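Visitor: Questions regarding the structure given below will be posed in turn.
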Amino acid sequence: MRLTHPTEDEAIDLDKADLFDPVVHAEGDPHAIWLAMRTHDPVHWQQLRPDLGFWSATVYDDVAKVLRDHTAFTSEHGTLLNLLGRKDAAGGKQLPATDPPRHTRMRSPVQRALNGRAVEGHRGVIRDEVRRLFAGIVDGEPFDFAELTDQLPMAVIGTLMGLDRGDWSHLTLLTTQAVAPDDPEFVRPEGAQATLHRAHRELFACLQDALAKRWGGGTGDLIDVLSTMEFEDGGGPLTAGEIVSNCYSLLLGANVTTPHVPNAALAELSATGTYADWAEHPELLDGGIEEALRWSSPTSHFIRYARHDVQLGKVTVRAGEAVAAWIGSANRDASVFPDPYTFDVRRNARRHLAFGVGPHFCLGHALVRITLEEFFQELFAQFEHFGPAGEPEHLHSNFIAGIKHLPLVATRRKG
């Protein structure tokens, strides 16, 4: 998604604004649309066809309410705009598409496996993978920063899950196709829906195969740990389907979040010449990462459906209607984040919604934060400067705010 700096002076016809269209997010100006909505129509209805439409929640408090209140809004009818008007086969079965109490029960084992203390032990492995990626950057020569960061999540989650290194590149492609099936670079000749379905099938097949190889094998990786865990309520071990579902959610979540945070940050820092302002101040590392999460907002939206008539802002959302909670808009709400279109590593950005809020708060947030800590620490230690070497190319997706190509030139530190 293009990260622009819109102003309230821009004339936006909200009746013609199309937040469903992936091209708008890649080549248009969704931030200008969101600003106009926050200012003039915070809960806005978009009609897609006579029998189908959705609400857009754009201000911080409304977005947080939709994501947090599972008694008013359900995840079980689909969580993405791309599924609007179609039955979600994952509804009530996979973690992202379940509501409490089932969601809480399914989530608890993997949450124990990925809490802060558990993932801290993987810090050394993550650091080694980051250094391996940076070793290929040649001083003073243009390279694609996004191509490099694209390898990061699989290098981390693939290692922790014990997935074969030879499969990482293909799995990365599949996860991208699963979240951006409309992108011209990744869509299959059969079309976006065929791309999406095939990506899902192949990812599940890979994880099922990995589980079959590890079941009871004592390998110690994440898949093995999940296969031996039991529910806290005494309900016994996870089923094979529950393990694969958890791993699938982690795989997608890692590939959705991890690469696009540094991509968005470096695109801004290199373009504005402010890289050193963060790199030379190690005390700003943690706060800067929270600001990078706010700034990038890699997950643009989640869909929820009203269980009953719900008052949201000044409108009534009728039972069964869909609401897109635009996280990217909430994280630019000036009432919560003053001067929201400035990347400010000194800002207290900890209220950002990049990880969501409520029951579906990002399962792998501790792992993502540790990965970003190691990534930026190593980046700042090895490189003195980054400059642009071309225009960024943005992912065609209404779900992921991603940069798929980011040409940069790096200057390594001397000595």
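Just so it is clear, none of the values below were taken in a lab; they were calculated from the coordinates. Keep in mind that what you see is a predicted model, and the values were worked out from it rather than measured. Cβ: placed from backbone, ideal geometry, glycine included. Neighbour counts: every protein chain shown.
Visitor: How would you classify the stretch 1-134 from its alpha-carbon gyration tensor, with a ≥ b ≥ c the square roots of the eigenvalues: rounded for a/c under 1.5, else prolate if a/b is greater than b/c, otherwise oblate?
Guide: Here the stretch 1-134 falls in the oblate category.
Visitor: Between H394 and residues 5 or more places away or on another chain, which pairs have amide H atoms under 5 Å apart, with H built 1.01 Å from N, and which residues are they?
Guide: Residues meeting the amide H criterion: K404.
Visitor: Net charge near I223, counting Lys/Arg +1 and Asp/Glu -1 over other residues with Cβ under 11 Å of its Cβ?
Guide: Counting the neighbours of I223, the net charge comes to -1.
Visitor: Can you list residues whose amide H is under 5 Å from L48's amide H, if they're 5+ apart or on another chain and H is modeled 1.01 Å from N?
Guide: Those lying under 5 Å, H to H, from L48 are G53, F54.
Visitor: Oh, and also: What number, rounded to the nearest 500 deg cm²/dmol, is the helix-based mean residue ellipticity at 222 nm of the chain, given -39500 (n - 2.57) per DSSP H run of at least four residues and division by all its residues? Write out the running numbers ahead of the final one.
Guide: Numbers: 17 runs with 182 residues, N = 415.
Theoretical 222 nm ellipticity from helices: -13000 deg cm²/dmol.
Visitor: So, one more: In what sequence, highest mean first, do 396-408, 358-370 appear when ranked by Cβ atoms within 10 angstrom?
Guide: Final packing ranking: 396-408, 358-370.
Visitor: While we're looking at this one, here's another question. What percentage of all Cα-Cα pairs in the chain are separated by more than 42 Å?
Guide: Taking all Cα-Cα pairs of the chain, the fraction more than 42 Å apart is 10 percent.
Visitor: What is the stretch 184-281 by shape, rounded, prolate or oblate, if you read a ≥ b ≥ c off the alpha carbon gyration tensor as root eigenvalues and call it rounded for a/c under 1.5, prolate for a/b larger than b/c, and oblate otherwise?
Guide: oblate
Visitor: Next up: Could you rank the peptides 253-265, 184-196, 269-281 by their average count of other C-beta atoms within 10 Å per residue, with the highest value first? Please report the intermediate quantities before stating the final value.
Guide: Details: 253-265: 25.1, 184-196: 14.6, 269-281: 16.8.
Ranked by mean Cβ neighbours within 10 Å, highest first: 253-265, 269-281, 184-196.
Visitor: What order, most packed first, do the peptides 148-158, 120-130 have when packing is the mean number of other Cβ atoms within 10 Å of each residue?
Guide: The peptides rank, most packed first, as 148-158, 120-130.
Visitor: Leaving out same-chain residues fewer than 8 places away, which lysines sit with a Cα under 26 Å from that of K213?
Guide: K93
Visitor: Share of antiparallel DSSP beta bridges in the chain, in percent to the nearest 5?
Guide: Beta bridges within the chain, antiparallel portion: roughly 90 percent.
Visitor: Over 10 Å intervals from 0, what percent of Cα-Cα pairs in the stretch 319-385 sits in each interval?
Guide: Bin by bin from 0 Å, the calculated values are 16, 35, 35, 11, 2, 1.
Visitor: Classify the stretch 285-415: rounded, prolate or oblate, from the alpha-carbon gyration tensor (a ≥ b ≥ c, eigenvalue square roots; a/c under 1.5 rounded; otherwise prolate if a/b is larger than b/c)?
Guide: On the way: a/c = 2.36, a/b = 2.07, b/c = 1.14.
Taking the square roots of the gyration eigenvalues as a ≥ b ≥ c, the stretch 285-415 is prolate.
Visitor: Oh, and also: Cut-off under 13 Å on the C-alpha distance; same-chain residues fewer than 8 positions from K87 excluded. Which aspartates and glutamates are left, in chain and number order?
Guide: E76
Visitor: Oh, and also: Mind listing the Cα extents of the stretch 230-329 along all three principal axes, in Å, largest one first?
Guide: Taking max minus min along each principal axis of the Cα atoms, the stretch 230-329 gives 50, 45, 21 Å.
Visitor: Cα centroids of the stretch 48-102 and the stretch 326-399: how far apart, whole angstrom?
Guide: Using only Cα atoms, the two centres lie 23 Å from each other.
Visitor: Going by amide H atoms built from the backbone, whose H comes under 5 Å of the H on H301, apart from near neighbours?
Guide: Amide H to amide H, under 5 Å and 5 or more residues apart or across chains, H301 pairs with I327.
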